[in-house]
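Worksheet for the structure shown next.
The values are calculated or read from the model by the stated rules, or taken from the named source; none is laboratory data. Remember, predicted model here, so these are calculated numbers, not experimental data. All Cβ positions, even for glycine, are placed from backbone atoms using ideal geometry, and neighbour counts span all protein chains on display.
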Amino acid sequence: MKDSLKNAGHLIDCNAPPFIPPNWSVEKHQPGGLWKFNSTKISFYQSQRQTKEFIEGNKLRQELAGKSVLNANVLDYLLAHPDLIPESWKNKRVYFWGTIYRDPDGDLHVRHLDWNGSQWGWHFKWLNNIFGFGSFVAIAS
């Protein structure tokens with residue numbers, strides 16, 4: 001009962017322009033319409049390579065083409081409503097690949113949800129970096 005109440009009535013506009021860090025730009029923002037939040041409708045994707053070692057971010061991005069990746073609007077909504085974030089996500093880095101950013105140096109990044117031990121926040125990762133077993137892609141299922 002508690003989870004059903006927790007998931008009720010939260011609509012996220014995944015077509016809206018995303019938050020953009022200062023001096024950055026959006027390289028790609030995959031719209032997702034008006035999405036009704038339900039944590040049970042989010043699955044996690046990992047490349048086969050991540051389960052054995054790691055994968056470079058640009059290669060992972062290619063693997064994700066055509067998948068229903070959630071964008072940064074979902075990340076920012078969750079940060080505004082941290083009570084919606086499942087407890088089980090605390091030991092994961094959950095990435096929102098539906099929005100790709102470009103920093104002032106021209107490098108591409110993806111933002112992820114981060115638990116610092118006392119509160120939720122976000123960080124970003126350079127796509128030239130590696131993504132290992134603790135990195136998960138949020139997918140609408």
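Looking at the stretch 18-35 only, could you name the residues that are hydrophobic (A, V, I, L, M, F, W, C) and within 15 Å of Tyr77 (Cβ to Cβ)? Even if it seems obvious, please write down each step before you answer.
Taking the stretch 18-35 and keeping what is hydrophobic (A, V, I, L, M, F, W, C), we get 19-20, 24, 26, 34-35.
Answer for the stretch 18-35, where residues must be hydrophobic (A, V, I, L, M, F, W, C) and within 15 Å of Tyr77 (Cβ to Cβ): Phe19, Leu34, Trp35.
Considering every residue within the stretch 48-70, establish whether at least one is surrounded by 12 or more Cβ atoms within 10 Å (Cβ to Cβ) and farther than 22 Å from Trp126 by Cβ.
Yes, because at least one residue in the stretch 48-70 is surrounded by 12 or more Cβ atoms within 10 Å (Cβ to Cβ) and farther than 22 Å from Trp126 by Cβ.
Keeping to the stretch 95-141, report how many residues are out of contact with any strand residue (DSSP E or B) (no Cβ under 6 Å at 6 or more places or on another chain), under 17 Å from Phe44 (Cβ atoms) and not in a strand (DSSP E or B).
2
With (1) more than 17 Å from Arg111 (Cβ to Cβ); (2) touching a helix residue (DSSP H, G or I) at 6+ places or on another chain (Cβ under 8 Å); (3) assigned to a loop (DSSP other than H, G, I, E, B) as the list, and Thr40 as the residue in question, which single condition is left unmet?
If we test Thr40 against (1) more than 17 Å from Arg111 (Cβ to Cβ); (2) touching a helix residue (DSSP H, G or I) at 6+ places or on another chain (Cβ under 8 Å); (3) assigned to a loop (DSSP other than H, G, I, E, B), just (3) comes out false.
Read through the list (1) more than 16 Å from Pro21 (Cβ to Cβ); (2) out of contact with any Ser or Thr (no Cβ under 6 Å at 6 or more places or on another chain); (3) touching a residue at least 60 places away in the same chain (Cβ under 8 Å); (4) assigned to a strand (DSSP E or B), then give the number of the only condition that Gln50 fails.
(4)
Output the residues belonging to the stretch 1-19 that are under 15 Å from Ala80 (Cα atoms), modelled with pLDDT under 55 and of a type in the set (D, E, K, R).
The answer is Lys6, and nothing else.
Would you mind telling me which numbered condition in (1) touching a Cys at 6+ places or on another chain (Cβ under 9 Å); (2) under 18 Å from Phe136 (Cα atoms); (3) aliphatic (A, V, I, L, M) Leu79 fails?
The single condition Leu79 does not satisfy is (1).
For Lys92, indicate whether it is within 15 Å of Phe136 (Cβ to Cβ) and modelled with pLDDT under 95. Steps first, please.
Values: within 15 Å of Phe136 (Cβ to Cβ): yes; modelled with pLDDT under 95: yes.
Yes, satisfied.
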